[in-house]
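Structure, as structure tokens:
A short reminder: the numbers here are calculations on the coordinates, not readings from a lab. Just so it is clear, the structure is predicted and the values come from calculations on it, not from any experiment. Every residue, glycine among them, receives a Cβ derived from its backbone with ideal geometry; neighbour counts consider all protein chains shown.
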């Protein structure tokens, strides 16, 4: 006969707490305690040293030493959400000027998957870029007129034109870039770095997130993109917001003074020290220290006018991409390990020539300024800067093509990102696409390859940074990924 009672299912912390309250376990521990007391009485010289505190140092990583010599100490990732059009910004295709309006050859598409937004179009007319390109710097990198400030620092950049992914829609594609899986629930890149390397700054989180948005139809961004997944919650990203409270819930409640909060935390620490494995206190301590450190880092009043001239006047407006780039530099100066900027608004299915202009203006000057600012302060050498989106755009027009208007659909088969600093070769272009910016013809770089290379630059072997969860060892790169040695300095 089956019991009418169902077993209680606990999470791991709840299960541990339930065991501690079990009478049999209590009596067993009591017996051990008596024995331990007797042993201590026989070894008086040991004193308290016989029972050292097991509380770990806050924000320490699991790696006592890097797997390889690191080139970068931190990452600033300028994620361009919505997917910028590579052939309108960096992947120059002059042959398309001659073929503008002609049909995309079947041999180029070769039956590749399309989204539901263009799969049923009756034609696929080629849309050459509306914008002019020129070569820049000693590297001769091709850059669109949409990015004049980026063009000026071309010799500092490594353009990767052969990025590719399997994901064809925004949600799984962004999730794939940030976590290594198209399915939600895995730890994000910043969380993996926090878990592996810990923090270099005890007064700020290891992983900080900043959001901004363009004016045109921004794709939504969700907090799980900087989540900890199955890692401890201390590894999740902390979002800094514009406004009165940059981080929610770190200020003391009304009527609670700083000394009262300090006293409460000290007593809580003593309780946790008795059984630290139940619940850590690191997050509480971090919140307390952030009450001072966060207002300091977001206060731009001590920045000289020439800095705002470098980043652009938008840098004076909290919440803009320019202001977030300036904050990213300030966070890098304070040795925050992973700084993630998300800028929304690159989803140009229609009216691309009109809408991409303000979107590029939002990001161009500030992105270039960040690289320049880091370099002149001696930080670019060990700071890896990344700029790019989740996939690319189609060479054919989504919807009607006119002489001065077109849209572009999602295209996962090839797209462009750029990297700078942190052990990456400057002034190079890696990878190549065909005349249609549709297929890769040289040196493909998969998302997992990019992630493996980023970890390598930080001193981590991507195959060795793992976490056992539900009987399986997980890693950021899943079971794939190779270091792209051709871009390493």
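R0 = 45 Å: FRET efficiency of residue 68 with residue 316, Cβ-based, nearest 0.05?
Values: r = 41 Å, r/R0 = 0.92.
Once rounded, the FRET efficiency stands at 0.60.
Expressed as cubic angstrom per residue, what is the convex hull volume of the alpha carbon set of segment 74-487? Don't skip to the end; give the middle numbers.
Values: hull volume 60.5 nm³, N = 414.
So the per-residue hull volume is 146 Å³.
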**OP:** Go through 445-456, 467-478 and give me the packing order, highest mean Cβ count within 10 Å leading.
**Re:** 445-456, 467-478
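Given the Cα-Cα distance of residue 113 and residue 376 and 0.36 nm per residue of separation, how much length would full extension add, in nm?
90.1 nm
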Original post:
Taking the simple approach of a point 7 Å from Cα along Cα-to-Cβ for both residue 259 and residue 357, what is their distance in nm?
Top reply: 6.1
**OP:** Multiply the residue separation of residue 425 and residue 443 by 0.36 nm, subtract the distance between their alpha-carbon atoms, and state the gained length in nm to one decimal.
**Re:** 4.9 nm
**OP:** Kindly state, as a whole number, the per residue volume in cubic angstrom of the convex hull around the alpha carbon atoms of segment 314-432.
**Re:** 128
**OP:** With label points built 7 Å along Cα→Cβ from the Cα atoms of residue 400 and residue 488, find their separation and express it in nm.
**Re:** 5.3
Subject >> Pairwise label distance in nanometres, residue 299 with residue 120, each label 7 Å out on the Cα-Cβ vector >> reply: 5.9
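Determine Rg/Rh for segment 165-250; Rg is computed over alpha-carbon atoms and Rh is the Kirkwood hydrodynamic estimate from the same atoms. Walk me through the intermediate numbers first.
On the way: Rg = 14.0 Å, Rh = 14.0 Å.
The Rg/Rh ratio comes out at 1.00.
Show me the ranking of peptides 356-365, 310-319 by mean Cβ neighbours inside 10 Å, starting with the highest. Before the final figure, lay out the partial values.
Values: 356-365: 21.1, 310-319: 18.4.
Highest mean packing first, the order is 356-365, 310-319.
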Original post:
How much length is gained on full extension from residue 241 to residue 135, taking 0.36 nm per residue of separation minus their Cα-Cα distance?
Top reply: 34.4 nm
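Output the peptides 431-438, 296-303, 342-349 sorted from most to least packed, where packing is the average of other Cβ atoms within 10 Å over each peptide's residues. If you can, show how the numbers build up before the last one.
Values: 431-438: 20.4, 296-303: 12.8, 342-349: 23.8.
Highest to lowest by the protection proxy: 342-349, 431-438, 296-303.
What FRET efficiency do you get for residue 100 and residue 200 if R0 is 51 Å and r is their Cβ-Cβ distance, rounded to the nearest 0.05? Don't skip to the answer; put the middle values down first.
Values: r = 51 Å, r/R0 = 1.01.
Using R0 = 51 Å, I get an efficiency of 0.50.
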